[in-house]
Structures are given as structure tokens and as C-alpha cells.
């Protein structure tokens, strides 16, 4: 699935001034689409001072991958980077200054705000701030011990305990914030005078100890990242001695060649922009990536017990995978299923024609093109669904008749093309079966030909690049945005929204979003700065139950750029809201919040049963997704018992596209779908039918409309009134309130756990 939009006139200037990365984040948040930009120097990329190079990788028994990198910490593709800070969080020198400069003044401001509110950060502790414009979510400021220039053994013995405490504090912050990855430098070395060998040993042993005694959580990877060769070598030595010898090759080592015997214990990793490509030995069914790729015969004969790779995956995943794939959704090149018992979230089943069936040169080229597009489709699908890692077997080297070199060339070319355009971080693995030595060597030879300093764009803020090399053509291609989404409907909605901003603006930009009510002093200050910077007016309003912002000005470009920055503010608030709600749910039931949306086949009974409620409406069913969220289901069951209400009602909400995943993740909230007229109170509204939902939520009636089918616990209900902020008391002397309010074909609840999202139904007018 791919939608493209040509840019001209004001559109090019809007993208340049807004920034490709910022606009991409807004599109991702609102529609779940990955946006890539071609044909103009949209990317504002900061060139890394060090070409990223992985030196070591080892997986701890707790499942956490530890790696050693020579890389620039200011440009590291992880959720959080660690800053070696002082107690006052004044970032005046060393790594602290580098991170502060790269991330902008916001980092120092937030640090000073923390000191004002909480006082100095004591040695051994770590605190979190935002990351400014760095390409990560947050910075963990860790205060390690500072030694005299010529430390005694007594000084070192005392400092060792403090450095261990510092590392434990870093990992505690990682756990509290549910991070997947963190980059840690050699804290306390350098300006803090901790001897480098002892520093490396203490850091590595502290990590090993932490995950030896604490249960693993969401964390997937710890990177030890430093930019100078002596520190990298010491971290490598410490990891080899303390963790093991499961070392991966750097690019330069791969280019230097290896013996066949050595290769079995090695991997090759290359960094291409936002994409890390690793060649490794292994069994595809044992991989712990978000996505595992399988190969099957064809799109129509979906038997998993025929090929070697497919049979291995079926054996590991269990028979339910075979049942699921029969009716699973498919693109032109890929069938998508869950992972069942595999250690992945999804399996993408590719199908490619047998090459030997093609006699002519044109037909041979067609088979090669099919394989290339199959790999590309897997990569873009994974990115579109927010996955961070994907593992491929060597597709086509068996019964399909492709040569080992062909497969290595084609699959590597697909990853290269993806890396050139992707604004999303992705770890890609080529997993070669241990006995396929010649296949491994073919891929290894191909990876040796990759440029040592690839110029793939990373859509992160920073100075304009000096040149784009192969990305320029003599006359220049038409500037273009490509949209890759989880569905054709999502891509079309994103495209329509962008067209409205780029080509239909008349000096107005209107945002309807009740998270505007969450704006605090800082957000209001940002609005004031936007008005001054772009010479626009920004007016907030709240009518009945709906909040909105109108941006107005003489320049359509200024209005659009300012409006998109307001959208970015709202996205940050929404992300924080979801994070807090997920944390609250975890505290209630000690269970992480996660969800899946599974597309239903339009030929299934489940699909037709959902659409029966829409049969008298002038709407075309585009797609139906079943929502699965074990945490919300558990809370819903608790609520049933609490209310003594065991017969939920099937009811509906009409909801904007940008809140679909939020509802699926943390349930229903008043901000997501406020009614046009809150005539029965200020709670969460549900309608008894889709037709009634169209009355409650009038909104635009063109393009795609989204409905949530939910189970709702109304319990003891009473007639609602406009001024009810909460349900009234049951009796004059009672302390018990009604469970819900009602109106004609309407129910209003005030606790989101009284409703459970079951299906997302997308219709087209």
C-alpha cells in the first residue's frame, strides 16, 4: 500500500519550513502513516561526526541485548541517551555540552527547572528530561562519581559503589519510562577522572548484575556508545571478558574478510541512515524481532507445511497459525498473521514465483522484480505499523531457483532503497541457516560493497546537508510525499488532509481537538511565540463540548506552518496522556497495556454481522478491525462485578481517525469523541446504533467515517440533564451515584472502564 502526492507551489515551502521530521510525526500520529519525502532537500539532517559502527553484541539471559558501538551519541537511534551530568545539571563541557548544543536550549531550560523544583541531583542518581531536537525521546542525566586527577585506591574503591549505583539509577529510569532502548556512555570517565579500564568493568558488571536479579521488562537493547577509539576498545574488552565472546563484526572487519570457521561466531552490521542492517547466523523461527518473514508457495495455496522455512515456522508457532493464515489479510506481495507462539508480534508470509519457470530475459527480470517488491512491501508494512525490527530468511535460494548472489543482491537493494526514504528507525536482520555457508558468504560479499560512509537521509532536525549525491538528477524530480499506511483508507485520509493544507488553504487553519483543554502555561507561551514569529492570530474557543483553535493570517504558508506546529504540540500532549493512562492501568492490574487490531475478511460471518447494523445507511463498508486488548478486558470484567451488571449493551461511537489507536490502547475518554450537543451530561457518549451515532457526532460526512463498536455497562441508569458533570445520587440520603445517564437511544458513562472497544468499523461515504 503506497500513496503519493506531488508537491508544488506553497506545498514545497510549507514542508521546508515545517521540517520533514515534524510533519512526518504529525502524519504518523493522526493517521498511522509513514511519510517519506523525495525530489527536494526537505531533510534537515545533522551529519554525524562518527560513522556508526557496531563492535559487539550479546543477549543476556533476561532477554536484553547489550552492544558496543563507536558512534555519535547526539545522533543515536534509541529511545533515550544518557548524559554524564554534574549535580547542578549545568551542561558546560564534555558530553553534556555536546548533547545540549545538539538538542537546543530546551534541554538546559528543563534541567534548570528540575533543579529549581527538586534541588541538586546527588551523586549516584539519575533524572529524566526531554530531548529537545535530538532524535530520541528523552535524556537521562546521570551523576556519576568525580575523582581527583590522581585517584588513590581508596578513592577508587569508594567511587566504584557510587558508579554502580549510577548505572542502577539509569536502568531504573529506563524501567519507569517503559523504554525499549538506551545508549550509555562511559559515565565518569574523561572529565570525571575515573580510570577507563575500571570504569568499563564497573559499568558492564553493573548491567549484568541488574538484569541477573531483576525481571526483564520492555527494554530490548542497551548500547554502550562512545565516539573515541580508546573508550570503545575498553568497553569492548570489558564486555568480552564479563559477558562473553559473542562479538559482531564492524563494517571494516567485514570488508577485511574472514575465514569460514570464524564466520559461524560472527555477524555483520551496517548502519544506513535510520536503518541498521545485520547479517547473522540463526534459525528464522527463533528470532525475537517484531516481525518475522516467512516464504510460502503462493497467495492462494496457503499451506505452511510445504517449504523448509515455512515448516519450521509452523512447528514453532503451532497449528493455530495455519488456521489463521487461511483468512488472513494480504497485500499484493504479503499475507499478514500474528506470531502465535513465535517470539514476534507478526509474521509476514511472502510468495514469489519460481524463477526457473521464466524462459525469457523479460520474464526472469519480472521474477527478480517481484522478489524485490516483496521485501520492500514487508519493510514498509512493518514501518507503517510502528514495528522497530524485522528478520528475513534468504528468500528464493531453495526451490524457487534464484542464485545465492541474486538473492543477496536483490534483498540488499530492497533494504538500501528503504533506508534512503524511511524516516523511521528499523533494525533489519538477514538470518542465514547455520549450514548455508555459501549463502552467508554471498550476503557477506554483497555487504562489503556498501559504501563506508552512506549518505542516507535521516529526517531529524539539524543543518541543511551540503549535497545529496545520487539523490539529485540533472533536472531534478518533482517534489513528492509518499505515504505508506496500515491500510489504503488510512493513506487516502492522510492524503486528503495534506491536500487541504497544501492546496486549499485560504489563510485559515482550524483544529478541533479537546486536548486543547490540556494546554498549560508552557503551551500558551508557545502559542504566543508562534503568533509573533509568523504574524498570525491564534484564537481558542470552546462551544458546547468541543474545543478548537483557529489560526489566521495573511500568508497561507505562515498559517499552515504555524498550524502544523500547534498540531505537534497536541501530539506531545496526547502521547503524555496515553503514557499516564497506561501507567495507571498497570498500577491497577499489574499488567502492561498492549493491543492488536486484526483486520476481518469481508467474506467472514464476523464481518457481515458487524455490517448488518449499517445496512440501511448510505455507507460503503471499507474495513473492519477486531480490537484485542487483554488489559482493558480485565478492567471491564472487574467493572462488571463491581456494578453487578453482567449484560453489556452493544453501542457505537463515531470517532476521528487520530484517536482510533488511543481508544484501542487505553479505552474511552471524553477527549476522544465529544458529542456535538452534550444534552445529557458531560460524560462519555454512546449511541444505540450507527444511525444515531451520525446524529450525535455530526462532523464532516465525506470521505471515511470511523465507528467503534463497544460493549457498554450502563448499570443503574437515570435520565441525563445538560448540567450534570457527574451522575446524580440514587436517593436523597444515599452516597451512591447512578452508574450512567441516558437519553433517547443514548447512554452516557463517566468511567471509561465501563466500556470495552470491540471493533473499529471504517465506512466510506
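Below are the figures for this structure:
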| read-out | value |
| --- | --- |
| Length-normalised contact order for the chain - Cα pairs under 8 Å, 6+ apart - percent | 14 |
| Inter-probe distance in nm under a simple model that places probes 7 Å from Cα toward Cβ, at residue 555 and residue 732 | 6.7 |
| Contact order relative to length of the stretch 481-603, as percent, for alpha carbon pairs under 8 angstrom and 6 or more apart | 23 |
| Added length on full extension, which subtracts the Cα-Cα distance from 0.36 nm per residue, residue 146 to residue 4 | 45.7 nm |
| Rel. contact order, % - alpha carbon contacts under 8 angstrom, at least six apart, the stretch 577-726 | 26 |
| Residue 643 versus residue 592: modelled label distance in nm, points set 7 Å from Cα along the beta carbon direction | 3.0 |
| Contour excess over end-to-end distance, with Cα ends at residue 576 and residue 116 and 0.36 nm allotted per residue | 163.4 nm |
| Extension gain, residue 283 back to residue 413 (0.36 nm per residue minus Cα-Cα distance, nm) | 44.5 nm |
| Equivalent ellipsoid dimensions for the chain as semi-axes, Å, which come from the Cα gyration tensor, largest first | 42, 35, 28 |
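Taken together, the values in this text are just the output of simple stated rules run on the coordinates, not laboratory data. Model, not experiment: these values are computed from the prediction. All Cβ positions, glycine included, derive from the backbone under ideal geometry; neighbour counts span all protein chains shown.
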